């Protein structure tokens, strides 16, 4: 790569790194994994930087590299995880309602398959159109729409399930308190 292109890539990374890290953070729930994902995607993009003819499309190219990398990681993961009926409660340090809602949503997003998660992130967080999302993910607009529909339905189910479990736990609190007092 020519020295001018190296400087151009460095400038691109300097100006876009915050937005790209936010995109990575939405693709993987762990902040450290998001940084790793972005770093890996940047390293892969660096080697192909001179092949990107229209640098205005660099964000789309890099997001696609992040999605592909995340998918590779997901496929290569060890399947030592044991599925459970109920996910653990998300712990949130910041007491504000907005941060709690965001943490809950990021936790609930874990139930989605990688393809569904990618569509939700690009359509709702990145605010890409259906056509832009389809182009970024290499699928038809109809597939984007149906995948998004199924993903949002799955998120609704998960949120309702968690809400019911929380209400049931609150209903049992007085009974447990009486049992403790009786003992």
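Data table
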read-out: Those residues of the stretch 74-104 which are surrounded by fewer than 15 Cβ atoms within 10 Å (Cβ to Cβ) and either part of a helix (DSSP H, G or I) or at pLDDT 80 or above (or both), in sequence order; value: 74, 75, 76, 97, 98, 99, 100, 101, 102
read-out: The stretch 124-151 residues that are farther than 14 Å from residue 114 by Cα and assigned by TED's automatic domain parsing to the domain that holds residue 19, paired with ones that are at pLDDT 90 or above and exposed (fewer than 13 other Cβ atoms within 10 Å of the Cβ) (beta carbon under 6 Å, 6 or more apart); value: none
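The values are calculated or read from the model by the stated rules, or taken from the named source; none is laboratory data. All values derive from a computational prediction rather than experimental measurement. A quick note on method: Cβ atoms are made from the backbone with ideal geometry, for glycine too, and the neighbour counts reach across all protein chains shown.
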